Amino acid sequence: MTVASTRTKAEQALSRSFEAVAAKLPGGDAIAAARKAAIGTFAALGLPHRRIEQWKWTDLRSALKEALPPAVNARVKLSPGEIDAGLEELAAIDAHRVVFVDGRHAPQFTSRNDIGGLKITPLAEVLRTEACAGDALADEGLIGNEAVVALNTAFMTDGAVIRLAKGVRLDKPLLLLFAQTGPQGCLVTLRNRIALDEGAQATVIEAHLALPGAAAGQTNTLTDVRLGPGARLAHVKCTLAGERASHLSTWLATLGQACVYRAFQLTAGSGLVRNDVFAKFKGEGAKLDISGAFLGRAAEHIDTTLVVDHAVPACESRELFKGVLADRAHGVFQGKVIVRPNAQKNDGKQMAQALMLSPDAEFDSKPELEIHADDVACGHGATAAEIDEGLLFYMRARGIPVAEARALLIESFIGEAIDKIEDERLRAALSQMAKRRLTGLTAAQP
Amino acid sequence: MLEIRNLRVKLAEEDKLILSGISLEVPKGQVHAIMGPNGSGKSTLAYVLAGREGYEVVDGEVLWNGEDLLAMEPDERAVKGVFLAFQYPMEIPGVATMTFLRTALNAVRRRRGQTELTTPEFMKRVREEAVGLAIADEILKRPLNVGFSGGEKKRMEILQMTVLAPSLCVLDETDSGLDIDAVRIVSAGVNRLRSPDRAMLVITHYQRLLNYIVPDKVHVMADGKIRKTGGKELALELEKSGYAEFRSEALARSLASG
């Protein structure tokens, strides 16, 4: 193939960066070989572009003008106060913390872990000691995302590898903080694994934040979620990556029999975000509820792409995503639900709604149902609308000033998604964080 | 006092007048009823008083306590004491009824130069009033009007009216879609608000509501005009004779166009 000559500046820079840092990346020979193979895959594929169906509204090849240098030797000079400032309301949540700064585990900020049945290991350590940590990569659900995942494999430096033993219920949430810091933007590549054994229960918060003063960074993060039979996981991702930052996230979830996976994603104040979720039901009677709220302003671009694979009978999936788009912001929602042959009695519902605050904002939505079984209940819907003038008049007729009425309507619109978070304190925290950013969105509008 | 003088109104994007010269005075302490056939312009009058967009006032004026009501934004009118009980109350998903009530009350109080109520004061007040309107506590926690029955929505309008304590109450077809028990509850709620400091305009198609909310005056409206004004007995006459004598113009027009 004569592809090399057509590569963009960013694609070439990524390949060159790999040559430069490969020797410093964690892992033994097997990992080094996997990395090398992955960068080869990336070199062949290049960045995803609009001619690839799943990326038609998020053309990374044209959006990523340059590739930042990988953060391999970041030094951490932070105070706990700076961490808490970045966490905003999440700082007040009583949680076990695992902190990563610029892609490296920061043990000084990580809570001492002596909880029976809970094992947390930094990925860098796992890569040094285990033969291979990349065993999720063969998953067939990843179609369309090969290049992004290949980059993740090639450059992954750290992450949280978590295992909760059979029947253990975590007493408080686990907060995984991935902070970007410093005046020089860098490429951060993370890989996490959250494995809950049979009947285990946990709440995990995955927060990707730019600390005050941080330059725009680039993140490629992959979280591999594995739920055993009857396990129950509440997984909340909070992406506040920074105005000009780019953030590529892939979640791979495999769901065991009768497990419950409740996931939520809040995305705001981030330049370019792609949230991919591949969820596969592997055992009967499991439930997936994934929802999210995205707030875009200026020229921000936020893409949520879900593939939910009902591979076995009698599972239930629910998806509700709500976005508020101001200025020239661009929101994308792609939701694919697959029901495999003979996977009867499946029930999938999907809804994506955007509130458009500006005539220049854009929302693209593509629901996709691929159903190969006949006894199923699946439905989807999508809307993009402006604020309802009738509602606004009703509220004003009660004496509520127009700005306050608008703010309340927008808040309540997003609130319907945030209400899906069951943990009350967590719901309140995210609600406040969203509200603060909504004020920024509405203030800018005429 | 509410003074409406020669009010002529059309839809913003059409030429035809919907209100073609309404003149009306409702002094404080009085309840006036406006009755009329469908399409007579009753609801338009209610919306114009509340300040809904989409209408154009071609001529005339509306004064409330001597101030030009038409020059005010809808929320300013509410601050000045105007309240419209909607024929079709809006559903607001995601906003709990209590939150909505508190936001509205505090906005109005703040802008009237009164102190905002504390949460316990507010809750106590709303709960007391809710009991009188047979509104269950559980409903106050639900998003405003979402999934409420027709009767619940109308009772909620009266609860809002009671909590906001306006000085000019405009009730647009508050009895429509209500069974007789609900009409009694709603009417009792309205009657509790009758006061020497408050003017009320009750818009209704049927006489039934006026058995419970007994008006000081009844105006018959048709073709965008007040065609007849009388005492409460006028409503009873209409109950017998119907709107036939007021319908001639509209009927003639519809026959001509149909």
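A straight Cα-to-Cα reach below 12 Å connects B:LYS153 with the aspartates and glutamates B:GLU91, B:ASP175, residues fewer than 8 places away in its own chain not being considered. Only Cα pairs within less than 10 Å get springs; with that Gaussian network setup on chain B, which residue of B:GLU91, B:GLU14, B:GLU157 has the largest fluctuation? Between B:GLU91, B:GLU14, B:GLU157, it is B:GLU14 that shows the largest mean-square fluctuation.
Over every Cα atom in the protein assembly as shown, the radius of gyration and the widest Cα-Cα span, Dmax, amount to 31.2, 99 Å. Averaged over peptide A:388-394, the number of partner chain Cβ atoms lying within 10 Å of each residue's Cβ comes to 6. If you sort the three axes of the alpha carbon gyration tensor as a ≥ b ≥ c, you get a/c of 1.5 or more for region B:129-216 and a/b no higher than b/c, which makes it oblate. Magnitude of the charge dipole for region A:4-386, about its Cα centre and with charges confined to Cβ atoms of Lys, Arg (+1) and Asp, Glu (-1), is about 720 debye.
In chain B, the DSSP-assigned H stretches of four residues or longer account for a calculated mean residue ellipticity at 222 nm of -12000 deg cm²/dmol, using -39500 (n - 2.57) per stretch and the full residue count as denominator.
Over 25 Å between Cα atoms, which of B:LYS10/B:LYS154; A:LYS322/A:LYS345; A:LYS77/A:LYS420; A:LYS9/A:LYS56 qualify? In this structure, B:LYS10/B:LYS154; A:LYS322/A:LYS345; A:LYS77/A:LYS420 lie more than 25 Å apart at Cα.
By the rule of a C-alpha distance below 15 Å, with chain neighbours fewer than 8 residues away ignored, the aspartates and glutamates paired with B:LYS16 are B:GLU56, B:ASP59, B:ASP223, B:GLU249.
Based only on other Cβ atoms within 10 Å, what is the fewest-to-most ordering of A:CYS186, A:CYS238, A:CYS378, A:CYS315?
A:CYS378, A:CYS186, A:CYS238, A:CYS315
Mind telling me which of A:VAL225, A:VAL161, A:VAL21 comes out most flexible in a GNM of chain A, alpha-carbon contacts under 10 Å? Comparing A:VAL225, A:VAL161, A:VAL21 in the GNM, the peak value goes to A:VAL21.
Rounded to the nearest Hz, the phi-derived 3J(HN,Hα) couplings of region B:131-142 under the Karplus curve 6.51 cos²θ - 1.76 cosθ + 1.60 (θ = phi - 60°) are 4, x, 9, 6, 9, 6, 3, 4, 5, 5, 8, 7, where x marks glycine and proline. Largest GNM mean-square fluctuation among A:HIS330, A:HIS49, A:HIS247, using chain A with Cα springs under 10 Å: A:HIS49.
Computed from backbone phi with θ = phi - 60° and the Karplus coefficients 6.51, -1.76 and 1.60, the 3J(HN,Hα) list for region A:336-349 is 10, 10, 10, 10, 6, x, 6, 7, 6, 6, 8, 9, x, 10 Hz; x is used for glycine and proline. For region A:206-316, the extents of the C-alpha atoms along the principal axes are 47, 21, 19 Å, listed from largest to smallest. Near A:ALA352, the amide H atoms lying under 5 Å from its own belong to A:PHE321, A:GLY381, A:ALA382, A:THR383; only residues 5 or more places off or on other chains count, and H is placed 1.01 Å from N.
Per-residue 3J(HN,Hα) values for region A:200-214, derived from phi via the Karplus relation 6.51 cos²θ - 1.76 cosθ + 1.60 with θ = phi - 60°, read 6, 9, 7, 10, 10, 9, 10, 10, 10, 10, 9, 6, x, x, 6 Hz in sequence order (x marks Gly and Pro). Remark: mean inter-chain Cβ contacts per residue of A:398-411 equal 6, using a 10 Å Cβ-Cβ cutoff to other protein chain atoms. Angle of helix B:150-164 to the longest C-alpha principal axis of chain B, folded into 0 to 90 degrees and rounded to 10: 70°. A Cα-only calculation for region B:1-82 places Rg and Dmax at 12.4, 37 Å.
Could you line up A:THR110, A:THR157, A:THR203 from fewest to most neighbouring Cβ atoms inside 10 Å?
Details: A:THR110 18, A:THR157 28, A:THR203 21.
Ordered by Cβ neighbours within 10 Å, fewest first: A:THR110, A:THR203, A:THR157.
Under 5 Å between amide hydrogens, built in the peptide plane, is the criterion, and for A:ALA234 it picks out A:ALA202, A:THR203, A:VAL204, A:ARG262 among residues at least 5 positions away or on other chains. By other beta-carbon atoms within 10 Å, ranking B:PHE122, A:PHE294, A:PHE363 with the fewest at the front produces B:PHE122, A:PHE363, A:PHE294. The alpha-carbon atoms of region A:4-386 define a convex hull whose volume equals 129 cubic angstrom per residue.
Just check region B:43-92 against the gyration tensor rule for me: Cα atoms, a ≥ b ≥ c as the square roots of the eigenvalues, rounded for a/c under 1.5, and otherwise prolate or oblate depending on whether a/b exceeds b/c.
oblate
Both radii come from the Cα set of region A:110-262: Rg as radius of gyration, Rh as Kirkwood radius; their ratio Rg/Rh reads 0.97.
Considering helices alone, the calculated mean residue ellipticity of chain A at 222 nm is -7000 deg cm²/dmol, with DSSP H runs of length four and up weighted by -39500 (n - 2.57) and normalised per residue. Averaged over peptide B:43-54, the number of partner chain Cβ atoms lying within 10 Å of each residue's Cβ comes to 2. Can you pick out the pairs among A:LYS65/A:LYS237; B:LYS124/B:LYS217; A:LYS237/A:LYS282; B:LYS141/B:LYS217; A:LYS237/A:LYS349 whose Cα atoms lie more than 28 Å from each other? Violating the 28 Å Cα-Cα cut-off are B:LYS124/B:LYS217; B:LYS141/B:LYS217. Dividing the convex hull volume of the alpha-carbon atoms in region A:374-446 by its residue count gives 148 Å³ per residue. Under a Cβ-only charge scheme (Lys and Arg +1, Asp and Glu -1), can you give me the dipole magnitude of the protein assembly as shown about the Cα centre, in debye to the nearest 20? Roughly 980 debye, rounded to the nearest 20. With Cα atoms defining each centre, region A:194-225 and region A:302-343 are spaced 20 Å apart in the structure. The C-alpha radius of gyration of chain B, expressed as a fraction of 2.2 N^0.38 Å, stands at 1.02.
Read-outs throughout are calculated quantities, based only on the coordinates presented, and are distinct from any laboratory measurement. What you are looking at is a predicted structure, and each value in this text was computed from that prediction instead of being measured. All Cβ positions, even for glycine, are placed from backbone atoms using ideal geometry, and neighbour counts span all protein chains on display.
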